[in-house]
1. Within the set of pairs 6+ apart or on separate chains, which have a first residue in the stretch 110-130 that is of a type in the set (S, T, N, Q), a second that is surrounded by fewer than 22 Cβ atoms within 10 Å (Cβ to Cβ) and part of a loop (DSSP other than H, G, I, E, B), and C-beta atoms under 6 Å apart?
2. Quickly run through the stretch 189-242 and pick out the residues that are of a type in the set (D, E, K, R) and over 23 Å from Lys257 (Cβ atoms).
3. With assigned to a strand (DSSP E or B), open to solvent by less than 20 Å² (accessible area, probe 1.4 Å) and at pLDDT 85 or above as the only criterion, which of Leu197, Leu265, Leu229 stands out?
4. Answer with yes or no whether Ile83 is under 23 Å from Phe227 (Cα atoms), of a type outside the set (S, T, N, Q) and in contact (Cβ under 8 Å) with a residue 60 or more places away in the chain.
5. Out of (1) exposed (fewer than 10 other Cβ atoms within 10 Å of the Cβ); (2) assigned to a loop (DSSP other than H, G, I, E, B), what's the single condition that is false for Glu11?
6. Quick test for you: out of Gly39, Gly29, Gly56, Gly78, pick the one residue that is in contact with a Pro (Cβ under 6 Å, 6 or more places away or on another chain) and either under 20 Å from Ser195 (Cα atoms) or not hydroxyl-bearing (Ser, Thr, Tyr) (or both).
7. Just to verify a result, which residue in the stretch 117-153, among those that are of a type in the set (Lys, Arg) and part of a loop (DSSP other than H, G, I, E, B), is surrounded by the most Cβ atoms within 10 Å (Cβ to Cβ)?
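The values are calculated or read from the model by the stated rules, or taken from the named source; none is laboratory data. Only a predicted model underlies this, so the values are computations on that prediction, with no experimental measurement involved. Note that we place each Cβ from the backbone using ideal geometry, even for glycine, and neighbour counts take in every protein chain shown. Surface accessibility is based on the protein's heavy atoms, side chains included, excluding ligands, DNA and RNA. Shrake-Rupley method; radii C 1.70, N 1.55, O 1.52, S 1.80 Å.
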Amino acid sequence: MNCELKLINMEDIKCENVEWLWYPFVPYGKITIIQGDPGEGKTTLVLQMIAKLTRGETIINEETKEPINVIYQTAEDGLSDTIKPRLVAANADCSKVLVIDDKETPLTMLDVRLEKAISETGARLVVLDPIQGFLGADVDMHRANEIRPVMKHIAEIAEKYRCAIILVGHMNKNSNGKSSYRGLGSIDFQAAARSVLIVGRVKGEPEVRVVCHVKSSLAPEGKSIAFRLDKEEGFQWIGEYDVSVDDLLAADNRGQKVREAKEFLKEILKSGSMTQKEISEEAENHGIKNKTLWNAKSDLKVESVKIGNQWFWMLPKE
């Protein structure tokens, strides 16, 4: 077969800055994967993001921006009894959330309707939840030769329309803690994505979920961020959290780290008070991060007293 040779000279390529839907987690014009075990809060996180974006707000900060249209496709949950109520509860502008009607013909990632919908609506965010539901019956997610063209096609759409595409996926059951071995199937999923996030539950704190950055090709990896799912208060951002992705998957997460920090504090303060500076230095020597130390202090109700120009910590009187 004869093919015409075409060469690209890098001198002719113009440099472009990366635009961000949510820095450094979700870039525009690229694929982002959000994965985790079933029931860990992936969909809840995505719907909360959508609510913010349709109202013209940033994901966490209170800054305002231009509201965007979103295409959200689900292959698992009902629109009227699950998705719409959750969007309403999150105070989303539902007029900006669009769904491709695929009752008669199921949507796949190679479906021409996907690109047509983005073109007609100007959507800046597309979510497929979960990715397994949009591969098509003939695609084996464990075969690289079948996944590679699908992911290449989706990546080209994202770049062409400068929209962010988020693929939500359930992780496999491999007990190995390392995140790359518990991905969606073929390694080509993660290879095609420019950002990969994992959502997991904190052991010992069932209401807390943590978002960890596994892969970041376009920016430094973001620090882990937590949110709380509370029956009374609903969804609440907590902020940065001292958990790595491998700790999260291995169940050796913040709950364990705080317990270790509490034991450290009880031991170091059992003979009496000590300056906050000395405690912080000793904690650092033990590999305990400052935020974890303060969480342990709060849990133990350690008292702080200022003497002269220094703060002293002491265990509460029994």
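1. Thr121/Asn69
2. Arg194, Lys215, Lys231, Glu232, Glu233
3. Leu197
4. The answer is no for Ile83.
5. The single condition Glu11 does not satisfy is (2).
6. Sole residue among the options that is in contact with a Pro (Cβ under 6 Å, 6 or more places away or on another chain) and either under 20 Å from Ser195 (Cα atoms) or not hydroxyl-bearing (Ser, Thr, Tyr) (or both): Gly56.
7. Ranking the qualifying residues of the stretch 117-153, first place goes to Arg124.
Listed here are the residues, each with its yes/no results for (1) within 19 Å of Gly41 (Cα to Cα); (2) over 30 Å from the mean Cα position of the chain (by Cα).
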{"residue": "Lys203", "(1), (2)": "yes, no"}
{"residue": "Val211", "(1), (2)": "yes, no"}
{"residue": "Ser216", "(1), (2)": "no, no"}
{"residue": "Arg228", "(1), (2)": "yes, no"}
{"residue": "Glu240", "(1), (2)": "yes, no"}
{"residue": "Ala261", "(1), (2)": "no, no"}
{"residue": "Gln276", "(1), (2)": "no, yes"}
{"residue": "Lys301", "(1), (2)": "no, yes"}
{"residue": "Ser304", "(1), (2)": "no, yes"}
